[in-house]
1. Test of understanding: among Gly161, Gly150, Gly165, Gly142, which residue is under 21 Å from Leu260 (Cβ atoms), of a type in the set (Gly, Ala, Ser) and in contact with a strand residue (DSSP E or B) (Cβ under 7 Å, 6 or more places away or on another chain)?
2. All but one of (1) at positive phi; (2) in contact with a strand residue (DSSP E or B) (Cβ under 8 Å, 6 or more places away or on another chain); (3) of a type outside the set (A, V, I, L, M, F, W, C) hold for Asn229; which doesn't?
3. From (1) within 16 Å of the ligand (Cβ to nearest atom); (2) of a type outside the set (Lys, Arg); (3) under 24 Å from the mean Cα position of the chain (by Cα), pick out the condition that doesn't hold for Glu361.
4. Does Glu290 count as of a type outside the set (A, V, I, L, M, F, W, C) and crowded, with 21+ Cβ neighbours inside 10 Å?
5. Restricting to segment 301-314, and then to whatever is assigned to a helix (DSSP H, G or I) and aliphatic (A, V, I, L, M), can you tell me which residue is farthest from Pro514 (Cα to Cα)?
6. How many residues does segment 398-414 hold that are away from the ligand (no atom under 14 Å from the Cβ), of a type in the set (A, V, I, L, M, F, W, C) and surrounded by fewer than 21 Cβ atoms within 10 Å (Cβ to Cβ)?
7. Of the conditions (1) on the phi > 0 side of the Ramachandran plot; (2) free of Cβ contacts under 8 Å to residues at least 24 places away in the same chain; (3) within 16 Å of the ligand (Cβ to nearest atom), Gly429 satisfies every one except a single condition; which number is it?
8. Taking the criterion of being free of Cβ contacts under 8 Å to residues at least 12 places away in the same chain and under 26 Å from Arg323 (Cβ atoms), would at least one residue in segment 446-463 satisfy it?
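The values are calculated or read from the model by the stated rules, or taken from the named source; none is laboratory data. Computed from a predicted model, the values in this text were never measured in an experiment. For neighbour counting, all protein chains shown are included, and Cβ atoms are generated from backbone atoms with ideal geometry for every residue, glycine included.
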Amino acid sequence: MTKHIFVTGGVVSSLGKGLTSASIGTLLERHGLKIRMQKLDPYLNVDPGTMNPFQHGEVYVTEDGAETDLDLGHYERFTNTVLTRDSNYTSGSIYESVISKERRGEYLGGTGQGIPHITDEIKAAVAKLATDDVDVVITEIGGTVGDIEGEPFLEAIRQFGQDVGRENVLYIHLTLIPYLKAADEIKTKPTQHSVGRLMEKGIQPGILICRTEKPLAREIREKISLFCNVPLEAVIEELDIKTSIYELPLILRREKVDELILRYLGLDAGEPDLSDWENVAQILANPDREVVIAVVGKYIRLQDSYKSIYEALVHGGIANRARVNLKRVESEDVEKEGAEAILGDVDGVLVPGGFGVRGIEGKLQAVGFARERGVPYFGICLGMQCAVIEFARNVLALKKANSLEFDESTPTPVITLMDQQRNVVDMGGTMRLGAYPCILASGSLAAEAYEASEIRERHRHRYEFNNAYREAYSNKGLAFTGLSPDGRLVEIVEIEKHPWFLAVQFHPEFKSKPHAPHPLFASFVKAAVSRREGDK
Ligand code: GLN
């Protein structure tokens, strides 16, 4: 019988519910259990694919090409769980499915209703992951308890507990215990209200994980336990993390959350081995060296917009026992102040994915600066397209070279639209999405980094390199070192006469983990380290 954990959040958003869920996943997996993870997001978009990064942060792409919430990135970084289309549902996708069933007449003339039709659809989404081989499904509910749009989800997970038996379900509530400076006190009332709200819905949390900046004294824990109807041992302190998010599984282990979960769900499991996590935490706390990497993008203001890129850079640092200090650069500032002023002191430049023309000129200047100065350059998706455009303009002397995305009437579209993308009207879910194979040229930087000749990486873009220009580029030293198996799509370019200049059409950042850093990120950071240490 598969067990279920539901994680809800109270008091405020941004408490790190995704990270906490992922860390619980880590611990259970290390106890030898087979887990699956999913997130249910109450917003109305069918998926986050069409949302602006300022609204939503990064869109995380799964192997099977689903555009999902960025918390799924945490799940993959922290666990070995397989994530698919079934790992992220929204109110939009749930309603879409119910409405299309109604249109097909599947309700046999009945009235379509929130209960049971919407709640049944939600429960089916959860049950789908509970296959025979799975010990525990962890389902995170997006948003905060009390949100109107979250109500059907709470109702559905309450019913789910009834359906499969209360002994098979554990509700974990993540809450905030704020510290009031003026009173020099930490306050439990918001948590009491939040749990009260859950109980009105018929959900009694089994474990309360309390985010706090101050340690929780015993009398505070007792108060929470009393008012929230939770045993004292199940009031867990989750102190603000000092060095890195990768400490969280270790912190929760110290609080014995895993043991509680196993006991409450009646699961027998072995002792966990967390030595690789301890190793990661140790390197991050005491790195041997530091490097500065500039990420030149246009959603720099928001921490979450390039989440997986930032994490993959941290992982690349771990591989080199280096702390990666990020310099988050707004590409429009490069346009205003010039590349030298902004990038003069960095050890590597990365241009990440993106859409639309704003900030493109600044990115091109950043690429040109890195190319000419021999600064390690890593282009990802749009960052590869920019590398291609910059090379055309400044090395091939095609001054008007551009991507069709930014100039539909350019005479030299070095980045173009694939035929199947030309007549797309529906914007949701219609890009080239998910994992595709790629063949690496032997002897290339890419083949050397991956130590492989064939790889699979995830994509999310409409535009592609224009093959009409291949020869012109090769003649001038830009090599195509990664191609689709039929040879028609350019996936990786490199500049041979450069210490480290590599750009990819796919998104390697989605497959990096702290204890298994992505080879390209590890190699890029290594090049940045060499540049810095060579300078001394
Ligand atoms: N806008 C570009 C395209 O659609 C790049 C997309 C990306 O960087 N993810 O091809």
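1. Gly161
2. Tallying (1) at positive phi; (2) in contact with a strand residue (DSSP E or B) (Cβ under 8 Å, 6 or more places away or on another chain); (3) of a type outside the set (A, V, I, L, M, F, W, C), Asn229 fails exactly one: (2).
3. Just one mismatch for Glu361, condition (3).
4. no
5. Ile309
6. Adding up the residues that qualify gives 1.
7. Condition (2) is where Gly429 drops out.
8. no
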